[in-house]
1. Which residue is surrounded by the fewest Cβ atoms within 10 Å (Cβ to Cβ), if the candidates are limited to the range 23-60 and must be under 13 Å from V242 (Cβ atoms) and more than 20 Å from the chain's Cα centre (by Cα)?
2. Can you say whether L201 is touching a residue at least 40 places away in the same chain (Cβ under 8 Å), assigned to a loop (DSSP other than H, G, I, E, B), under 18 Å from F60 (Cα atoms) and in contact with a Gly (Cβ under 6 Å, 6 or more places away or on another chain), as far as the supplied structure shows?
3. With respect to the numbered conditions (1) surrounded by fewer than 18 Cβ atoms within 10 Å (Cβ to Cβ); (2) closer than 20 Å to I106 by Cβ; (3) not aliphatic (A, V, I, L, M), which one is the sole condition not fulfilled by K370?
4. How many residues does the range 317-342 contain that are open to solvent by 10 Å² or more (accessible area, probe 1.4 Å), at pLDDT below 90 and either assigned to a helix (DSSP H, G or I) or closer than 25 Å to A85 by Cβ (or both)?
5. Just to be sure I understand the filter: pairs with C-beta atoms under 9 Å, separated by 6 or more residues or on different chains, first member in the range 377-388 and farther than 13 Å from L366 by Cα, second member open to solvent by less than 30 Å² (accessible area, probe 1.4 Å). Which pairs pass?
6. So M289 clears everything in (1) closer than 30 Å to L200 by Cβ; (2) of a type in the set (A, V, I, L, M, F, W, C); (3) modelled with pLDDT under 90 except one condition, right? Which one?
7. Do we have G191 as out of contact with any helix residue (DSSP H, G or I) (no Cβ under 7 Å at 6 or more places or on another chain), in a helix (DSSP H, G or I) and of a type in the set (G, A, S) here?
8. Could you tell me how many of the residues in the range 267-285 are open to solvent by 10 Å² or more (accessible area, probe 1.4 Å) and of a type in the set (A, V, I, L, M)?
Amino acid sequence: MELESKNQLQVSNADQQSEGTNFFKTCFNVINTLTGIGILSMPYAVYQGGWFSFLLLIIFAMICCYTALLLDRCMNANARIKSYADLGEVAFGYKGRSILAIFIYIELFLVAVELLILEGDNLEKLYPNMRFTIFGLRIGGKTGFVILTAFAILPTTWLRNYGALAYVSVGGVFTCVVLIGCVVWVGEVDGVGFHERGVLLNLGGLSTSMSLFAFCYNAHALMPTIRNSMSDRNQFSKVLVVCFGASAMIYGTIAVLGYMMFGDSLKSQITLNLPTNTISTKIAIYSTMINPFTKYAIIISPITIAIEEKWHICMSRPISIVVRTTIVASSVLVALYIPFFAYIMAFTGAFLSVAISLLFPCVCYLKINKAATRFGLEMMIIMGILIIGTLIGILGTYISVEKIVNQMKH
C-alpha cells in the first residue's frame, strides 16, 4: 500500500459519497491503494531475506488484513470514526489524534521523497552521462534529474481543485501491470532467463525484508475513508480479504520473477537491473517514471491542508503557494542528502508503517472494545501482533538508520 495512492482515493471517494461505491469499485480502490512504488523493491526485499522471506510476505499480508479488520470493528462500534485520526481521538482523546496525524504526515513526506529518488535513479539509468547547468552550477546526472523533476512537479502542487488532481493521478494505476509485463518479457524474450537459485535464508537481511513488506501493505490510514464511501459497509470485511490476497499475489509475482532473474545482484529497484538496450526496459522505466508526476501533489496535499488550516492561510493564494513550494523544496533537499531508495523505504516501513498498520489498530481496538481485553484467542493474537510489530519496528529502524549512516559516510 502504498500511501502514494491513498490521498487520490480520498478525493474520488468524496465525490462518490452521495451514492456510495459498490463491492467491485471498492475492491479496485483498495488494491490501487495497496500497490504502489513498493512493487519495485519486492525482488530486493526477497533477496535481502532469502526465499524464506517470501513466506513472510504472505504472513504480513494476513497480519495487515487482520489489523484492517480491527479498524472495521472499531468503526462498527463507534459511528464517530470517519478517518484514521478519528480513531486515535475516540480511543485516547486529542493527544491520540495528534500522534496518529503526525505519524501519517511524516510518512507521506517520506513517500514524496521516495518518488523524487525514484525519478532520479531511473532517469540516470536511461541517461547515465547527462550533466546539467542550473543557475550557473554544474550538476551531476542524478542530482540534476531530481531537481528538474521537482521543477516539473511544482505547478501541480499549487492546484487546489482536488478533483482535477484525482483526474491527473489516474495514469499511475496502469504502471503495475506494465511493469510486471515488461519484467516477464525481459526474462523470457530478451534472454535474461529465470536461472538464479538464490539462498533459502539470510538472517542478516531479514529485518530489512520485513520493513519493506510493512511499507507495502500499509494502507490503513485510508481504510476508514474507503469504508465510508461504500453503499453497503457490511461488505467491507470481504473487500479486505479479497484485496490483501490480490495484493499479495501481485507482490509475490514480481518478487519471484525478479529474484529468479537477477538473484544476488538485485538492486533496490527492479528497473535498475533491467538491460538498458531493450525496448521493454525503456517501457518499464518510463511507465514507472509516471508515478512522481501523477501522485506527488496528492501525497503532500494532506500536509499542506493541515498547515494552511492550522495557521488560517488557506484563503491566501500567494501564501498557499509559498507553503507548498517550501514543502517541495524540503523534500528535494532530503532526496539529495539521503538518496537511498530502499533504505528510506525500510526506515519508513519499520518506524512509521509498522506503527500505523500494526500497533495503532491493535492498541486502539483494545481501548475501544473493552471485551477484547479478556484473555482468549483474540487477545493472544493481538498481543502477538503487538510484540512482533514492536520488535520489527525497533530492529528494522535501527538497521535501516545504520545502513543510511554507513552509506552517507562513503
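1. Initially, the range 23-60 is screened for residues under 13 Å from V242 (Cβ atoms), giving 23-31, 34.
Narrowing further to those that are more than 20 Å from the chain's Cα centre (by Cα): 23-25.
Numbers: F23: 15, F24: 10, K25: 17.
Filtering first and then ranking leaves F24.
2. On the way: touching a residue at least 40 places away in the same chain (Cβ under 8 Å): yes; assigned to a loop (DSSP other than H, G, I, E, B): yes; under 18 Å from F60 (Cα atoms): yes; in contact with a Gly (Cβ under 6 Å, 6 or more places away or on another chain): yes.
Considered against the rule, which asks whether it is touching a residue at least 40 places away in the same chain (Cβ under 8 Å), assigned to a loop (DSSP other than H, G, I, E, B), under 18 Å from F60 (Cα atoms) and in contact with a Gly (Cβ under 6 Å, 6 or more places away or on another chain), L201 comes out as yes.
3. Condition not satisfied by K370: (2).
4. Final tally of qualifying residues: 6.
5. I388/L358
6. (1)
7. Numbers: out of contact with any helix residue (DSSP H, G or I) (no Cβ under 7 Å at 6 or more places or on another chain): yes; in a helix (DSSP H, G or I): no; of a type in the set (G, A, S): yes.
When the stated conditions are applied, G191 does not pass them.
8. Looking only at that region, the number is 3.
The values are calculated or read from the model by the stated rules, or taken from the named source; none is laboratory data. Please read all numbers here as calculations on a predicted model, not as lab measurements. So basically every Cβ, Gly included, is an ideal-geometry build from the backbone, and we count neighbours across all protein chains shown. Ligands, DNA and RNA are excluded from the accessible area calculation, which covers all protein heavy atoms including side chains. Shrake-Rupley method; radii C 1.70, N 1.55, O 1.52, S 1.80 Å.
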